[in-house]
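Contents: one structure, followed by commentary.
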Protein chains: 2
Amino acid sequence: MNSVASTCPVARATDILGDRWCLLIVRDAFDGVRRFGDFQRSLGIARNILSDRLRKLLDAEILQLQDAADGSSYQEYRLTRKGEDLFVLIVALRQWGEQYLFEPHEARSVLLETASGQALAALQCSNLHGKVIQAADTQVIKPAQ
Amino acid sequence: MNSVASTCPVARATDILGDRWCLLIVRDAFDGVRRFGDFQRSLGIARNILSDRLRKLLDAEILQLQDAADGSSYQEYRLTRKGEDLFVLIVALRQWGEQYLFEPHEARSVLLETASGQALAALQCSNLHGKVIQAADTQVIKPAQ
């Protein structure tokens, strides 16, 4: 099902992001991966599947193709502004994974603020006055049919 | 590929959450959907696919089965604490979808703080001192092989 006509922003977002490979490609792009072969090595993914997902991310304007920074003939996949705004989503996946999917002493990659060398604060939802709120404090209002 | 052995928390999280139906079931659970038939009606999904995804979410301890609150013989799917902690992820999908996937005057569902009737603040990543930080301010450190 394609939700391009759905009135739910979550449903529309999952049309492109409800896919493991797309999320991992975006993660890698944040980590500085730029080239087809580097995505392939990082992800251990078949070429045809990687091509398909990169095409989807280009079509969705999450990635864009640019000439290589080193002047070579390579084309590089770069996050657009729309793609860069997925940072909070990738951090949400990371923090939930850290909290629930690792044993306490299990080795894992960490995301650090470069300047301080410290972890990021835990993401929280808050209201417009900065008060932290939970799901139970909210409701979804659907548009009239 | 299953990333249960991956050292990346994002990869482990996407093993279960890198799936459109799982994300939409979790969204519906936050909206108060509890029963198989109600998920089916909400999602317009085939019974066998819904059964498969509900089973995955139970196995991942994101949902749990409980006796129906009304004393009937129904079993209800409820978010666990682990599932409730996906609220920030669903809000991240929603806010990104709102920002990029709707025309300005297009009808969409909205998430409101019940008490105020106002929208939530935009999610932001911040450091431990509360300073907002961007992806470019961060780096991922992988564990030694």
- Query: For chain B, what is the charge dipole size about the Cα centre, in debye to the nearest 20, if Lys and Arg each add +1 at the Cβ and Asp and Glu each add -1 at the Cβ?
  - Reply: 300 debye
- Message: Largest first and in whole Å, what are the equivalent-ellipsoid semi-axes of the protein assembly as shown based on the Cα gyration tensor, each being the root of 5 times an eigenvalue?
- Response: 31, 21, 21
- Item | Point-to-point label distance, A:Gln99-B:Lys142, nm (Cα→Cβ direction, 7 Å offset) | 2.7 nm
- Item | Candidate lysines for bridging to A:Lys131, where Cα separation is under 26 Å - those fewer than 8 sequence places away on the same chain excluded | A:Lys142, B:Lys82, B:Lys131
- Pick from A:Leu57, A:Leu123, A:Leu86: which residue has the top mean-square fluctuation in a GNM of chain A where Cα pairs under 10 Å get a spring? A:Leu123
- Selection from B:Ser109, B:Gln124, B:Gln134 lying farthest towards where the dipole of chain B points positive, charges on Cβ: B:Gln134
- Query: In percent, how large is the relative contact order of chain A, given Cα pairs closer than 8 Å and 6 or more residues apart?
  - Reply: 16 percent
- Message: If you take every residue apart from A:Arg94 with its C-beta less than 10 Å away from the C-beta of A:Arg94, what net charge results, scoring Lys and Arg +1 and Asp and Glu -1?
- Response: +2
- Query: About its Cα centre, what dipole magnitude does the protein assembly as shown give when the only charges are +1 on Lys and Arg Cβ and -1 on Asp and Glu Cβ, stated in debye to the nearest 20?
  - Reply: 360 debye
- A convex hull over the alpha carbons of chain A yields, per residue, a volume in Å³ of 188 Å³
- Message: Given points 7 Å out from each Cα along the Cα-Cβ axis, report the A:Ser126 to A:Asp59 separation in nanometres with one decimal.
- Response: 3.9 nm
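Read-outs throughout are calculated quantities, based only on the coordinates presented, and are distinct from any laboratory measurement. In this text, all values refer to a predicted model and were calculated from it rather than measured experimentally. Note that each Cβ is placed from the backbone with ideal geometry, even for glycine, and that neighbours are counted across all protein chains shown.
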